Amino acid sequence: MNGFFALLRRDLMLAVREGSALGTALGFYLVVVAMLPLGLGPDLKLLTRIAPGVLWIALLLAALLSLPRMFEADHEDGSLEVMATAPLPLELAVAAKALAHWISTGIPLALMAPVLGLMLNLELSLTPALVATMLAGTPAVSFLGSIGAALTLKARRGGLLLALLVLPLYVPTLIFGISAIGFAGIGQDGFAASLLVLMAVSVASIAVAPVAAAAALRLQLS
């Protein structure tokens, strides 16, 4: 596992050093949420009602912006071919890169959500539920996104194709993430069940996505 943690540390250092992917994702997240009240008007009740859905959808779209770079830079400098032939299984290499994406992009987006929720008049009492659901669901965003990033590795201007491939896979995460916050808002017991399903989706993604993404990468490199 030394190779796994070395690759994880390398990707995190690159993410911190470059900073452009995270900055773009956070900036996009901020712009989308900030512009929505301007379009809908000053109806605070409406903003409160739609705030969880808006925050989740904006987070998914912001995370999509950084997914193409998950394998692209390594493919350009030849590192990806070295990973494919290294002693570390390619599945573990993909898992390390997806985990680095979640730590460097998914967690900052999830922690930024409560601040942006203030713009949408989200109740402060829902902040713990919002952060918990996003931290539980964003691993699925990164790991499922690795499949789309691998499939579109050699596609020219593959951003739109990546979105078309990945967004349908995000539907369960979106549904249970929003429903969990909704249950927390009305004080019903469904929050725990929705959160557990959300965590199960993330665990399943962690187990399945690296295998699928590694297979896609082998096809791309062959």
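Here, each number is a calculation from the coordinates, and none is a lab measurement. These numbers were taken from a predicted model, which means no experiment stands behind them. Counting neighbours? That spans all protein chains shown, and the Cβs are built from the backbone with ideal geometry, glycine included.
Amide H of Ala155: which non-local residues (sequence gap of 5 or more, or other chain) have their own amide H closer than 5 Å, using H built in the peptide plane?
Distant-sequence amide H within range of Ala155: zero hits.
If I histogram all Cα-Cα distances within region 2-221 using bins 10 Å wide from 0, what percent of pairs lands in each bin?
For region 2-221, the binned pair fractions read 8, 34, 34, 17, 6, 1 percent.
Separation of region 3-55 and region 182-205 by C-alpha centroid, Å?
Their Cα centres are 22 Å away from one another.
Describe numerically, in nm with one decimal, the distance between label points set 7 Å from Cα along Cα→Cβ at Leu14 and at Ser79.
Going from the Leu14 label point to the Ser79 one covers 0.3 nm.
Once the piece of chain linking Ile107 and Ser125 is laid out straight, how much longer is it, given 0.36 nm per residue of separation minus the C-alpha distance between them?
Using 0.36 nm per residue and subtracting the Cα-Cα distance, I get 4.4 nm.
Cα axis of helix 2-18 to longest principal axis of the chain: angle in degrees, 0 to 90, nearest 10?
For helix 2-18, the angle is close to 60 degrees.
If you place +1 on the Cβ of every Lys and Arg and -1 on the Cβ of every Asp and Glu, how big does the dipole about the Cα centre of the chain come out, in debye to the nearest 20?
180
Which three numbers, in whole Å and largest first, are the semi-axes of the equivalent ellipsoid of region 1-69 derived from its Cα gyration tensor as √(5λ)?
For region 1-69, the semi-axes come out at 34, 12, 8 Å.
Taking 0.36 nm per intervening residue step and subtracting the Cα-Cα distance, what contour gain separates Glu72 from Leu164 on full extension?
31.3 nm
May I ask you to order 37-50, 129-142, 201-214 by the average number of other C-beta atoms within 10 Å around their residues, highest value first?
129-142, 201-214, 37-50
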